[in-house]
Amino acid sequence: MTDRDLTGTGTAEEDWRASGVLAALPRTRPDDVRPAGRVVVLAPHPDDETLGAGATLAAWARSGAPVTVLAVTDGEASHPGSPTLSPAQLVERRVAERTAALDRLGLAGAPVVRAGLADGGVAAHRAELADLLADLVAPGDTLLAPVPGDGHPDHDAVAEVAAGAGVPVLGYAVWWWHWADAGQLRPGAVVVEPDAAARQAKREAVACFRTQVEPLSDHPADAAILPRPVLERLVRRDEVLWR
């Protein structure tokens, strides 16, 4: 696993568009990539499932796909040094935000399994996560997990565990769009084209994560984790999955 530079605003969405790499990918509809069985979504932090594949999940939910969310961490380390919210308070807020977001996606009834691993420390607990996943998945399940090399250490650790689970995996990206040069794309990508209702559901779900998309205060440690240039990449019209 390689630590990437996830600071600043990253590669601009307009640069990704100008590169032509997205336009050159094969295109499909959510139902065409919907697994036949249950989808188990691996979310390293509250919001990753929404940011990476929220519109696709909304479309799948509408068509009746069974979905379970494995919440790997509770996101307590998003604002180190915050004078406004303690790690415990962040957990409370972020868990509530995820609940609201899943409701917007049409997944209010989806089971959420909280692993409670340390935010920022998943790599040290890969064996524990693998055991939990082995108990959770069944034949016929498909995992929806961070794509290998997404760039955040927790995401990369989750991707590694998912790859060893013995069931099919679809990949989504959150931080790849940030650190990678425009046009640099892992093979196997496909553009998924959700309809307007699914895209709107994702926008509403993303807005639920107020601790991440808005500053907690004017203090530097309370800055938004997902400022507008970052969100522009994550709420683009289409989504990209890897298979």
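Descriptive notes on the structure:
- Shape category assigned to the stretch 165-242 from the gyration tensor of Cα positions, a/c cut at 1.5: prolate
- Under conditions of 4 °C and 1.567 mPa s, the chain yields 73 µm² s⁻¹ as its translational diffusion coefficient, taking Rh as the Kirkwood radius over Cα pairs in the Stokes-Einstein equation.
- Arg27, Arg94, Arg210 arranged by Cβ crowding within 10 Å, fewest neighbours leading: Arg27, Arg210, Arg94
- In sequence order, calculated HN-Hα J values of the stretch 171-183 (Karplus, 6.51, -1.76, 1.60; Hz; x Gly/Pro): x, 10, 10, 10, 8, 3, 5, 7, 8, 6, 5, 4, x
- Built amide H within the under 5 Å cut-off of Arg114, gap 5+: Ala71
- Taking every DSSP bridge with both residues inside the chain, close to 25 percent are antiparallel.
- Since only Ala18, Leu231, Ala123 are under comparison, the one whose Cα sits farthest along the positive direction of the charge dipole of the chain, derived from C-beta charges on Lys, Arg, Asp and Glu, is Ala18.
- Annotation: for a label point projected 7 angstrom from Cα along Cα→Cβ of Asp181, residues of the stretch 22-38 with backbone N closer than 17 Å are 22.
- Given +1 at the Cβ of Lys and Arg, -1 at the Cβ of Asp and Glu and no other charges, the dipole of the chain around its Cα centre is 740 debye to the nearest 20.
- For the stretch 1-113, the square roots a ≥ b ≥ c of the C-alpha gyration tensor eigenvalues yield an a/c of 1.5 or more together with a/b not exceeding b/c, which makes the shape oblate.
- Taking amide H as placed 1.01 Å from N in the peptide plane, Gly10 has no amide H partner under 5 Å among residues 5 or more places away or on another chain.
- Put the Cα centre of the stretch 55-104 next to the Cα centre of the stretch 178-223 and the gap is 13 Å.
Any read-out appearing in this document is the output of simple, stated calculations on the displayed coordinates, not a laboratory observation. The structure displayed is predicted, hence computed values, not measured ones. Virtual Cβ from ideal backbone geometry, glycine too; neighbours counted across all protein chains shown.
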